[in-house]
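Asker: Submitted below is the structure of interest, expressed as structure tokens.
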Amino acid sequence: MENKPVQLSELKGDLAQGSLAIGLANPDYQPLGILRWQQSYLDWLLLHPQLNGQFRGRSSELPFSAEWSLLSGDLALSLSEGTLQFEDIMPLLALNRDIGRWLNGLSGRLEGISLQTRWVDAGQWLQKTQGAMRLNGFSFLGESLPPVFITVSQQDEQVIIKLSAEQKWTMSGEIVLTPLKREKGLQSIQYQGLVKVSAPSAESLPNWASLMKSSSDSSDSSAQSRFQGNWALN
């Protein structure tokens with residue numbers, strides 16, 4: 001893809017059934033995984049193609065289905081019970097410097113991914129998004145976290161991601177994604193979030209809470225962290 005970091009190669013098969021390799025082109029080729037699909041030519045004749053496929057990385061398996069109305073331009077994508085390993089998507093996330101600087105030493109996987117989204121024009125923002133997943137095996141600063149439960153919803157144009165986890169402490173968080181548009185369409189995604197952690201005592205807080213600020217409305221047994229930035233798309 002010219003002037004884009006994603007490189008598609010090793011195309012096999014045809015429109016009805018096939019596969020291709022996905023990787024990053026710069027600075028050196030970094031493979032991300034293999035995309036496979038199958039669909040019916042009859043659906044194209046009916047102007048409503050439907051596709052079933054799977055993305056498979058080194059340790060990831062993400063089944064998906066998609067529907068596209070050629071008359072209205074309406075496009076729907078659904079992910080069902082997939083697994084996404086951090087190591088498979090690290091190179092892609094690291095393209096954003098603000099996010100990439102937090103990735104060193106991270107490990108874990110997203111499991112039970114169930115996500116549905118719809119939009120009218122693939123060049124525009126999402127119209128309706130909802131889903132859930134859980135983060136397992138997550139490790140940060142030498143400390144392993146319990147399962148983190150994640151829900152996704154959409155209000156108007158904002159996509160809201162909520163996080164929750166509980167051990168000797170309780171964690172809650174919210175990340176809001178907002179599209180930034182120009183005449184040429186979607187240009188970037190603004191993200192801003194807040195993560196809070198609290199415990200019965202300061203000694204019960206996890207080690208990584210030391211990187212967060214103390215909450216102004218509570219004692220030294222709680223902390224919070226705010227972050228924001230833009231993910232440029234063009």
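Asker: Hand me the trypsin sites (Lys or Arg not before Pro) from region 151-206 located in a DSSP loop with no more than 14 other Cβ atoms within 10 Å, in residue order please. Walk me through the numbers before you get to the answer.
Answerer: Working: sites: LYS162, LYS168, LYS181, ARG182, LYS184, LYS196; in loops: LYS168, LYS184.
Passing sites in region 151-206 are LYS168, LYS184.
Asker: Next up: Once phi is turned into θ = phi - 60°, what whole-Hz ³J(HN,Hα) does the Karplus curve with 6.51, -1.76 and 1.60 give for every residue of region 81-95, x standing for Gly and Pro?
Answerer: Karplus-based 3J(HN,Hα) across region 81-95 equals 6, x, 10, 10, 7, 4, 4, 7, 10, 3, x, 6, 5, 5, 5 Hz.
Asker: Longest exposed-loop-site-free stretch of the chain, with chymotrypsin sites (Phe, Trp or Tyr not before Pro), DSSP loop and at most 15 other Cβ within 10 Å? Don't skip to the answer; put the middle values down first.
Answerer: Numbers: sites that count: TYR29, TRP102.
Longest gap between qualifying sites, sites excluded: 103-234.
Asker: Using a basic spin-label model with each label point 7 Å from the Cα along Cα→Cβ, how many nm lie between GLU10 and LEU106?
Answerer: Label-label distance for GLU10 and LEU106, simple model: 2.6 nm.
Asker: Once both labels are modelled 7 Å past Cα along the beta-carbon direction, what's the GLN130-SER19 spacing in nm?
Answerer: Reported label-point gap for GLN130 and SER19 is 3.5 nm.
Asker: Using helices alone, I'd like the mean residue ellipticity at 222 nm for the chain: each DSSP H run of four-plus residues gives -39500 (n - 2.57), total over residue count, nearest 500. Kindly include the intermediate steps, with their values, before the conclusion.
Answerer: Details: 3 runs with 17 residues, N = 234.
Taking each H run of at least 4 residues, the total per residue is -1500 deg cm²/dmol.
Asker: Please give the solvent-accessible surface of ILE34 in Å², to the nearest 10, using a probe radius of 1.4 Å with every protein chain present.
Answerer: 50 Å²
Asker: Could you tell me which residue out of SER201, GLN154, THR170 lies farthest along the dipole of region 75-232 toward its positive end? Charges go on the beta carbon: Lys and Arg +1, Asp and Glu -1, centred on the Cα centre.
Answerer: Of the options given, the answer is GLN154.
Asker: Follow-up question, since we're still on this one. Ignoring ligands, DNA and RNA, what percent of the 1.4 Å accessible area of region 75-232 is carbon and sulfur?
Answerer: Details: 4580 of 9190 Å².
C and S atoms contribute 50 percent here.
Asker: Just to be sure I follow the definition: excluding the sites themselves, where is the longest run in the chain that has none of the GluC sites (Glu not before Pro) in a DSSP loop with at most 16 other Cβ atoms within 10 Å? It would help to have the intermediate numbers written out before the result.
Answerer: Values: sites that count: GLU2, GLU157, GLU183.
Free of exposed loop sites, the longest segment is 3-156.
Asker: Most mobile of LEU92, LEU71, LEU163 per a Gaussian network model of the chain (Cα springs, under 10 Å)?
Answerer: Answer for the Gaussian network model of the chain: LEU71.
Asker: Provide the per residue accessible area, probe 1.4 Å, for region 75-232, rounded to a whole number of square angstrom.
Answerer: On the way: 9190 Å² over 158 residues.
I get 58 Å² per residue for this part.
Asker: In terms of the ratio Rg/(2.2 N^0.38 Å) built on C-alpha atoms, what value belongs to the chain?
Answerer: 1.14
Asker: While we're here: Hey, what's region 1-69 come to in accessible area per residue, 1.4 Å probe, Å²? Could the numbers behind the result be given before it?
Answerer: Values: 4540 Å² over 69 residues.
Heavy-atom SASA per residue in region 1-69 reads 66 Å².
Asker: For ASP43 and SER172, what does the FRET efficiency come to when R0 = 45 Å and r is the distance between their Cβ atoms, rounded to the nearest 0.05?
Answerer: Details: r = 43 Å, r/R0 = 0.96.
My answer for the efficiency is 0.55.
Asker: Karplus couplings for region 107-115 from phi (6.51 cos²θ - 1.76 cosθ + 1.60, θ = phi - 60°), rounded to Hz, Gly and Pro as x?
Answerer: Residue by residue, region 107-115 yields 8, x, 8, 8, 10, x, 5, 10, 8 Hz.
Asker: Another question about this same structure. If each of GLN155 and ALA66 carries a label point 7 Å out from its Cα toward its Cβ, how far apart are those two points in nm?
Answerer: 3.0 nm
Asker: Something else now. May I ask you to derive the FRET efficiency for VAL120 and GLU143 from their Cβ-Cβ distance with R0 = 30 Å, giving the value to the nearest 0.05? Before the final figure, lay out the partial values.
Answerer: Details: r = 44 Å, r/R0 = 1.46.
That pair, VAL120 with GLU143, gives E of 0.10.
The values are calculated or read from the model by the stated rules, or taken from the named source; none is laboratory data. Just so it is clear, the model here is predicted, and its values are computed rather than measured. Every residue, glycine among them, receives a Cβ derived from its backbone with ideal geometry; neighbour counts consider all protein chains shown. Remember, those area values only see protein heavy atoms, side chains included, never the ligands or the DNA or RNA. Shrake-Rupley method; radii C 1.70, N 1.55, O 1.52, S 1.80 Å.
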